[in-house]
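Single-structure report; data block below.
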Amino acid sequence: MDRGERAAGWLECDTRFIPAHYQPASLIDLALGRGVNVHRLLQGTGLFHEDILAGNRLISPLQFLRLISNVQQQMQADDTSFLLGQQWLPGHYGAASHALRHATNLLEALERLVRLQPLLWPLLRLRLRVDERYVWLDWGDCFGAGGQDVFLVEASMAALTGVSQWLSGQRLPWLFHLAHTQPRYIEQYWVHLGEQLRFDSPLNQMCLPRKYLHQPWAGASATAGQVAEQEGLAMLAALPAVQSLLDGLHDHLLAQIRQPLRLEGVAESFGMSPATLKRKLQKHGTHFQEQLDQARSSVALELYQSRGYTSDEVADYLNFNDRANFRRSLRRWTGLLPSELREWLGGQR
């Protein structure tokens, strides 16, 4: 047997760990409320409505993504993702939702959302970064969202915008960076997110001045929140694994980003053969070079945004001796040349 087949510890796209009566149920209820036929809605998911009502069925990310695809095809409404996002947080997911509901400020809420992410937001990873002036939230793909990626990003940003407004009692001045091109239904973004939008960005990000992080939130119970978080962490530990394979790979690449990184060496670190890691990445609709480019893009953007590095300093940090090669690589990672990226950075505040 291949070493990779014996390796455990990762959630994969076919791992059944998402309770069907959590986030998927909200999606189904919204669709049914708009007249979608339940059989068409569940077609190809391996689910029956009775399974969801029973409250004990676990589904995989692939099944969840197929459900989202069905909803998109059957509803064809521009506001679906945004309305779902507003319902999904803090949600009704037991202790994890209670922990988020009783956060005493934005920083605590964001830290809990990151720690309990597989329970609260299973399909996308959230990375939190705080520098001297801003808080940055980066959204990444956990399981290979494919054609559902824009839907999930819209839902994610609407969810975080809505829950932060509800818990803080004010609409926070988030700035949104979106990797996709501006869609025709831009008015839905204005209604649900606001007008601080930048499309065709290198990453999917949200940005906010850090002064909002520690403002106290009324109505929170610090004790209830701490107890609920511990219960949520126990729920997390009971999952087949606490992190997706793509998340684990992303973290590993970030930690080793200044070293030479090749498929063979990374596969060995993961206890897999190169062929097994390659096959698992293909199963998630990606490949090693794409994941490495995403990690390098994340690091480069952090160096530019939070540390004020010049392009030469970023190139040195990432061990590029050939500046022309760095320019070509940066364009591959971000879609922008260094001069274009500086212009983009200059207009993001």
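The values are calculated or read from the model by the stated rules, or taken from the named source; none is laboratory data. These numbers come from a predicted model, not from an experiment. Neighbour counts are summed over all protein chains in view; Cβ atoms, including those assigned to glycine, are modelled from backbone coordinates with ideal geometry. These area figures cover heavy atoms from the full protein model, side chains too; ligands, DNA and RNA do not enter into them. Shrake-Rupley method; radii C 1.70, N 1.55, O 1.52, S 1.80 Å.
Quick notes on this structure:
- So Leu249, is it over 30 Å from Asp14 (Cα atoms), assigned to a helix (DSSP H, G or I), open to solvent by less than 70 Å² (accessible area, probe 1.4 Å) and among the hydrophobic types (A, V, I, L, M, F, W, C): no
- Any chance Leu239 is open to solvent by less than 70 Å² (accessible area, probe 1.4 Å) and closer than 27 Å to Leu301 by Cβ: no
- Within the option set Ala295, Ala324, Ala300, being in contact with a Ser or Thr (Cβ under 9 Å, 6 or more places away or on another chain), of a type in the set (A, V, I, L, M) and under 27 Å from Ser201 (Cβ atoms) holds for one residue only, Ala300.
- Candidates Phe143, Phe151, Phe176, filtered to the one that is crowded, with 16+ Cβ neighbours inside 10 Å and assigned to a loop (DSSP other than H, G, I, E, B): Phe143
- Leu254 vs. criteria at pLDDT 95 or above, assigned by TED's automatic domain parsing to the domain that holds Ala315, more than 15 Å from Arg171 (Cα to Cα) and surrounded by fewer than 17 Cβ atoms within 10 Å (Cβ to Cβ): yes
- Some residue of segment 3-21 being more than 27 Å from Lys280 (Cβ to Cβ) and either outside the structural domain of Arg184 (by TED's automatic domain parsing) or among the β-branched types (Val, Ile, Thr) (or both): yes
- Candidates Gln230, Gln215: the one that is open to solvent by 20 Å² or more (accessible area, probe 1.4 Å) and part of a loop (DSSP other than H, G, I, E, B) is Gln215.
- Considering residues of segment 312-337 that are free of Cβ contacts under 8 Å to residues at least 12 places away in the same chain and in a loop (DSSP other than H, G, I, E, B) only, the residue nearest to the chain's Cα centre (by Cα): Leu337
- The lone criterion from (1) at pLDDT 90 or above; (2) over 28 Å from Leu245 (Cβ atoms) left unmet by Asp322 is number (1).
- One residue from Ser164, Ser156 being within 25 Å of Thr15 (Cα to Cα), open to solvent by less than 10 Å² (accessible area, probe 1.4 Å) and assigned to a helix (DSSP H, G or I): Ser156
- Taken as a whole, the structure places Ser306 among residues that are hydroxyl-bearing (Ser, Thr, Tyr), surrounded by 15 or more Cβ atoms within 10 Å (Cβ to Cβ), modelled with pLDDT under 90 and not assigned by TED's automatic domain parsing to the domain that holds Gly140.
- Residues in segment 282-317 that are of a type in the set (Phe, Trp, Tyr), touching a Phe, Trp or Tyr at 6+ places or on another chain (Cβ under 9 Å) and closer than 15 Å to Leu253 by Cα: Tyr317 alone.
- Selection from segment 37-87 of residues that are open to solvent by less than 20 Å² (accessible area, probe 1.4 Å) and not in a helix (DSSP H, G or I): Thr45, Leu47, Ile59, Ser60
- Residue match in segment 10-17 (condition: surrounded by 17 or more Cβ atoms within 10 Å (Cβ to Cβ), assigned to a helix (DSSP H, G or I) and either of a type in the set (D, E, K, R) or touching a helix residue (DSSP H, G or I) at 6+ places or on another chain (Cβ under 6 Å) (or both)): no
- Qualifying residue in segment 316-325 (condition: open to solvent by less than 10 Å² (accessible area, probe 1.4 Å) and at negative phi): no
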